[in-house]
Structure formats: C-alpha cells, structure tokens
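K.L.:
Quick one: this structure, given as structure tokens, is what I'll be asking you about.
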Amino acid sequence: MQKIKLDIKDKSQMKMVVIWTVVVLALAVMLWIIFGGKEGEVTDEAKETADSAALKVAVMPTLDCLPVFVASEDSIFKAVDADVSLMLFTAQMDCDTALMGGSAQVAFSDVVRVQRMIRKKVPLDYYSESDLTWKFMANTKSRIHSITELNEKTIGITRFSATDYLAEHVVDSAKLKREKVFRVQINDLHIRTRMLLNNELDAALLPEPFATEALNMTSKAIIDFNSERFRQGVIAVRRNAMKDTTQLDRFAKAYDMAVDSINKNGLQHYRALLNKYCKVKNSTIDSLHPMKFHHITPVKLEAIETAQTWLSKH
C-alpha cells in the first residue's frame, strides 16, 4: 500500500483542526454544565416554592388522625383545592418539635402538651378538638386487676402530656403515693405497645388503635378515658404561620368532608389506610369499636384550664 506523506502545510492544517475541535467540545461541555445546572436550580427552587406553599400537618399513627389520612388518600384535599402535606411521626414529642420549629404549621397533639408549649412562648393557637382518646392498659402478667394495685408498678407515658396527667389522675384516684408508682417515658407508640406486650411495662396509656391491639393480645383495659371529661385531643396551629389563611380554611372543609365519609362508611371501610399509617394487624382493625368523629370544633375552655392548673404544679 502506498503511503501518503504529508508536507509541513498539511500538518499545520490538521493541527488547527484538532485544536478547534477540542475548543468546540470544551465550549459545548461548559454550556451544558452552565445551562443544565441553572435548569436544575430553577427546578429545585420551584419545588421548594411549591413545598413552602403547602400546609404541612404533623400527624401520628392514631385513630384521631384518620380524617386527614382519608382526605389525603381519597383526594378530598385535591377536590377542595387544598395543598396539604402530611408529616407522620410515631412519637408525640417529634410531632410537637416539628410544630415548634416551624417545619409544620399544624399538628395533632393534646391540650397539655400544647399548653406547655404556649407557656414556653411558642406562638400557637388551638384550632380544634380532635377525637384522640386513651385507655389505661395493664399487662395481665403484672396481675393488676384494679388501680389500687399499682404500687411498685411501671406505667408507660409521655412526660408533660395528657398521658402523664391521666396516669397521675389514676394514681391519685387510688389514693396511692405518687413516688410508689413509676411513670416511665416511652415516647414511640409502637415501642410502648411492644413493651407492654413483652412484659417490660406493667401498664401503659395507649390511644387507638394501639389500645385495641394490646387488648387483643395479652393486656386488659382498666380504664377507658373516652368521655367528654377527658376529651383532651387537639389540633394546634402556628400563629401567623400562613400569610394567607385560605389553605387552612380549605383544610377544615376537607377535614369535615372526610369526617362525614368515615361516619357514613365505618372504620373498617378504611382498613387499607389504617394498615398503611398505623401499621396494625387486620384483626386489630376488625376489633375496633364504632366511633363518631366530629367536625372542626373549638377547644373547650375547661380543658385548657385543667391543663393550665396541672402544669402549674409541675
């Protein structure tokens, strides 16, 4: 094969072609990085703006939060044009921390915890009552048949909460010395339930559906605090957290619509949602007693005053 021999001129031209090719490729890469990066930044910024516009609601895996689970999963929020984002926590303290820090504007809590945050100058308002209730559950192996048998026993609660208040109420009602009954702080509801079932706690204050799950296993209900007197579940909102209250108004509308659906269809109709958010057994859901959910309702002054009085002594 005959070899082609390049002269100096041909070599110079080839060198220029290579240089310009490298330059063009380098410019293309730089432009892709610059404009691609900006496009990503715009997308992230738009996403952050959209997220900030959403009403963030801190919830627990408890039955009182079912209306917002239904409103979210059944597109009721979407139907009323409410932009709502749910933040699920398994410990009430984490739920309240999100509210205090401002990452959530609304939270499901109890009147004792909210009143304590207000006393600490957290800018909160009571938005509504909730359908949160508790049962005083005893481990059958602890041989507690009545509240008079709580001496030297452990009770799982959350400190400075309705469960703390109710546990103390039980001890005082039995005319026992408070220092003889050990209130143990177990914040995570799943862990508190497991500890009761595994004989690591003698008793515990549990909300639904965890109380029913414990009841179906190795525990029994000593006291059911499902009465107006002990109605202490609340929905709290950060004051002036939303410049425009439209989203909050739409949240209330969707909440009430979801309540109507639950009252009409019954709890078992929402088995999939309770499985998803509460992580309880199907047998637990099947065993839940029918209950009536309530629309957005102002928190009673009596409940607030009770919390204030109790906190002033602690």
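K.L.:
Which order do Glu168, Glu179 take by accessible area at a 1.4 Å probe, largest first?
P.N.:
The most accessible residue leads, giving Glu179, Glu168.
K.L.:
For a quick check: with amide H placed at 1.01 Å from N, whose amide H comes under 5 Å from Arg183's, ignoring anything fewer than 5 positions away on the same chain?
P.N.:
Under 5 Å from the amide H of Arg183: Ile155.
K.L.:
Using the 2.2 N^0.38 Å rule of thumb for compact globular proteins, work out how the range 191-253 stacks up: its C-alpha Rg over that value, please.
P.N.:
In units of the globular-protein estimate, the range 191-253 measures up at 1.68.
K.L.:
Lys56's amide H: which non-local residues (gap 5+, or another chain) put their own amide H closer than 5 Å, with H modeled 1.01 Å from N in plane and none for Pro or chain starts?
P.N.:
Ser85, Gln105, Val106
K.L.:
Can you run phi through the Karplus equation (6.51, -1.76, 1.60; θ = phi - 60°) for the range 223-238 and list ³J(HN,Hα) in whole Hz, with x for Gly and Pro?
P.N.:
9, 10, 8, 8, 8, 4, 4, 10, 7, 10, x, 9, 10, 10, 9, 5
K.L.:
How large is ³J(HN,Hα), in whole Hz, for each residue of the range 84-92 in order, when computed from phi with the Karplus curve 6.51 cos²θ - 1.76 cosθ + 1.60 and θ = phi - 60°, using x for Gly and Pro?
P.N.:
My calculation for the range 84-92 gives 10, 10, 8, 10, 8, 10, 9, 10, 4 Hz in order.
K.L.:
Here is a follow-up. Do you know the Lys pair count in the range 180-314 for C-alpha distances under 29 Å, with sequence separation 8 or more or different chains?
P.N.:
For the range 180-314, qualifying lysine pairs total 23.
K.L.:
Any number yet on Rg/Rh for the range 129-255, C-alpha, Kirkwood?
P.N.:
In the range 129-255, Rg relative to Rh is 1.08.
K.L.:
To the nearest 0.05, how large is the calculated FRET efficiency for Glu152 and Arg119 if R₀ is 25 Å and r is the Cβ-Cβ distance?
P.N.:
Efficiency, rounded to the nearest 0.05: 0.15.
K.L.:
Could I ask something else about it? Karplus couplings for the range 297-307 from phi (6.51 cos²θ - 1.76 cosθ + 1.60, θ = phi - 60°), rounded to Hz, Gly and Pro as x?
P.N.:
9, x, 6, 5, 4, 4, 5, 5, 5, 4, 5
K.L.:
Give me the distance between the Cα centres of the range 180-216 and the range 134-155, rounded to whole Å.
P.N.:
If you average the Cα positions of each part, the centres end up 11 Å apart.
K.L.:
Against the empirical 2.2 N^0.38 Å scaling, what ratio does the C-alpha Rg of the range 56-186 come to?
P.N.:
Dividing the Cα Rg of the range 56-186 by 2.2 N^0.38 Å gives 1.25.
K.L.:
For the pair Ser312 and Lys175, how long in nm is the line joining their label points, each one 7 Å along Cα→Cβ?
P.N.:
2.7
K.L.:
What residues have an amide H closer than 5 Å to that of Ser130, excluding those fewer than 5 places away on the same chain, when H is modeled at 1.01 Å from N in the peptide plane?
P.N.:
Gly233, Val234, Ile235
The values are calculated or read from the model by the stated rules, or taken from the named source; none is laboratory data. The structure presented is a predicted model; accordingly, all values stated were derived computationally and were not measured. Heads up, the Cβs are rebuilt from the backbone with ideal geometry, glycines too, and the neighbour counts pull from every protein chain shown. For the accessible areas, the whole protein counts, side chains as well, though only heavy atoms, and no ligand, DNA or RNA atoms are used. Shrake-Rupley method; radii C 1.70, N 1.55, O 1.52, S 1.80 Å.
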